[in-house]
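Before any comments, here is the structure.
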Amino acid sequence: MFKIFQNFKKEYLIVFLMSISVVFSGSLIAPIEQRFISSLTENSVLMGLTFALGTLSLSLIALIFARLSRIYGKNKFIIAGAALGIVYPLIYATSTNILQYMGGKMIFGFAGAAMGPLLIAYLQNHLSTEKNQGKLLGYLYSAQSIAGSFGAIFGGFVADRYFLGAPYYLQFAVLLIPFFLALKFFGREKEEIKKSEEKHNYLFGIKYILSKPYLVYRFLFEIPFRMMWSVEIILYPLIIISFINSSTVIGSVFATQGIVAMIVLPFAGKLVDKRSYMTGMRWAFFIMGISTFVMAFSVSLSMFWILAGLFSVGLAIGGPARGVLEIKNIESEYRAEIIAILTIFGYLLEALSPFLAGILLTMLAPQMVLLFYAVLIWVFFGIATVVLKIKLKNEKLNRG
């Protein structure tokens, strides 16, 4: 059963175990968090602010931590992030008012900022010497998808079986896994730290991305990718309800997407290794663009359901393709900072997109809003393709 892991390096396995533990722990509270927060306040503004605080604190701190890690080392920050990870579930579980829960959200943001981008950067540095980068990333993302799906089911079961706050205590127990792994592995691993590095301003990361043609392509790809992914939870239920008013069907559609991602991701990784990361990016663009466009004109539930599954194929291919692109186009010295910037950008898009969808829904039917996002995918595909060609041509001229 465990033979598949025998050929994997220790560094990959450590990140693999830590990341799926974090994903699983987060999904445990997904079914009950809204209900728990509603028990603390009936103010919808405070509810929205509470959900946003984690993202906001992570976005504000991630770049600072990434830059400091170049001076003090990634390992210290990864351990600190893992340590904070066992604090916030207990704050959530014991909250008697919304302000206490908000405090937990801010600690969650600090934990994510300290560990998330740096752990990704650490993994990418080690995968840079591997031949099957896409396959390894595909395995990781597939495992995360499985962990997220199972965690949500299990968290809901625990809450129904015991009490509403029980998943938070279970989350604490699961997050002990990455904490002890971080202590054991990153606490002992030797790390080369450059104390005398030349200082640069906080615009360095943006300039670095803009100087690399393929990173610009990656940056532009992130816009429709994140925006569409973050509005599924709003638009899909509204469209499905127009066919059949069933919460079970809504959940089944999302479950189908998760199952498709689990199956496709390992093969998507192999595709990227065999055909190149740019082939993967283009396939992701095409599949997402076509499926979303046709989905907007669905005339039946079955048609919408199948196209939602097809869209998940595009998302799955895009994951390993983006990861391999980053590995091959970011220098190890700057990786943590660039990953932090891309992470922050992604979170900001996830915050903006639902807000934009809410405005559009006041004027358009849900399927027409979905059509708007489909057009957005094709627009950014065109922009990204043109910009890449121009930058590669200019790069070639400069070399000549």
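The values are calculated or read from the model by the stated rules, or taken from the named source; none is laboratory data. The structure displayed is predicted, hence computed values, not measured ones. FYI the Cβ positions are ideal-geometry reconstructions off the backbone, even for glycines, and counts take in every protein chain you see.
Number of residues in segment 127-153 that are more than 10 Å from M262 (Cβ to Cβ) and of a type in the set (S, T, N, Q) equals 4.
Condition check ((1) in contact (Cβ under 8 Å) with a residue 60 or more places away in the chain; (2) among the hydrophobic types (A, V, I, L, M, F, W, C)) across all residues:
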position	(1), (2)
V45	no, yes
G48	no, no
S57	no, no
A62	yes, yes
A80	no, yes
Y88	no, no
A93	yes, yes
G134	yes, no
L140	yes, yes
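So is I259 of a type in the set (V, I, T), modelled with pLDDT of 85 or more, outside the structural domain of G138 (by TED's automatic domain parsing) and assigned to a helix (DSSP H, G or I) or not? Judged against the criteria, I259 is a match.
Kindly indicate the residue of segment 303-320 that is of a type in the set (V, I, T) and buried (at least 22 other Cβ atoms within 10 Å of the Cβ) and also farthest from the chain's Cα centre (by Cα) among those meeting that condition. Steps first, answer last, please.
Initially, segment 303-320 is screened for residues of a type in the set (V, I, T), giving 306, 313, 317.
Among the residues that remain, those that are also buried (at least 22 other Cβ atoms within 10 Å of the Cβ) are: 313, 317.
Numbers: V313: 16, I317: 14 Å.
The residue in question is V313.
Which ones in segment 290-320 are touching a Leu at 6+ places or on another chain (Cβ under 9 Å), closer than 17 Å to L371 by Cβ and in contact (Cβ under 8 Å) with a residue 40 or more places away in the chain? Scanning segment 290-320 gives T292, F293, M295, A296, F297, S298.
From the list Y217, Y208, the lone residue that is in a helix (DSSP H, G or I) and either acidic (D, E) or buried (at least 18 other Cβ atoms within 10 Å of the Cβ) (or both) is Y217.
Results for (1) surrounded by fewer than 23 Cβ atoms within 10 Å (Cβ to Cβ); (2) more than 26 Å from G251 (Cβ to Cβ); (3) assigned by TED's automatic domain parsing to the domain that holds S39, shown as yes or no for each residue.
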residue	(1), (2), (3)
G112	no, yes, yes
L118	no, yes, yes
H126	yes, yes, yes
L137	no, yes, yes
S145	no, no, yes
G155	no, no, yes
R161	yes, no, yes
L164	yes, no, yes
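Name the residues in segment 224-252 that are among the β-branched types (V, I, T) and surrounded by 20 or more Cβ atoms within 10 Å (Cβ to Cβ), would you?
Going through segment 224-252, the residues among the β-branched types (V, I, T) turn out to be 231, 233-234, 239-241, 244, 248-250.
If the condition is that a residue be among the β-branched types (V, I, T) and surrounded by 20 or more Cβ atoms within 10 Å (Cβ to Cβ), then V231, I239, I240 are the ones that fit.
If the condition is being more than 14 Å from I234 (Cα to Cα) and either of a type in the set (D, E, K, R) or in the same structural domain as A52 (by TED's automatic domain parsing) (or both), then segment 348-400 contributes K389, K391, K393, E395, K396, R399. Each residue in segment 117-150 was checked for being within 23 Å of F77 (Cβ to Cβ) and of a type in the set (A, V, I, L, M), and 8 pass.
Within segment 209-218, which residues are in contact (Cβ under 8 Å) with a residue 12 or more places away in the chain and either farther than 16 Å from A66 by Cα or more than 22 Å from the chain's Cα centre (by Cα) (or both)?
First, pick out the residues of segment 209-218 that are in contact (Cβ under 8 Å) with a residue 12 or more places away in the chain: 209, 212-218.
Those that are in contact (Cβ under 8 Å) with a residue 12 or more places away in the chain and either farther than 16 Å from A66 by Cα or more than 22 Å from the chain's Cα centre (by Cα) (or both): K212, P213, Y214, L215, V216, Y217, R218.
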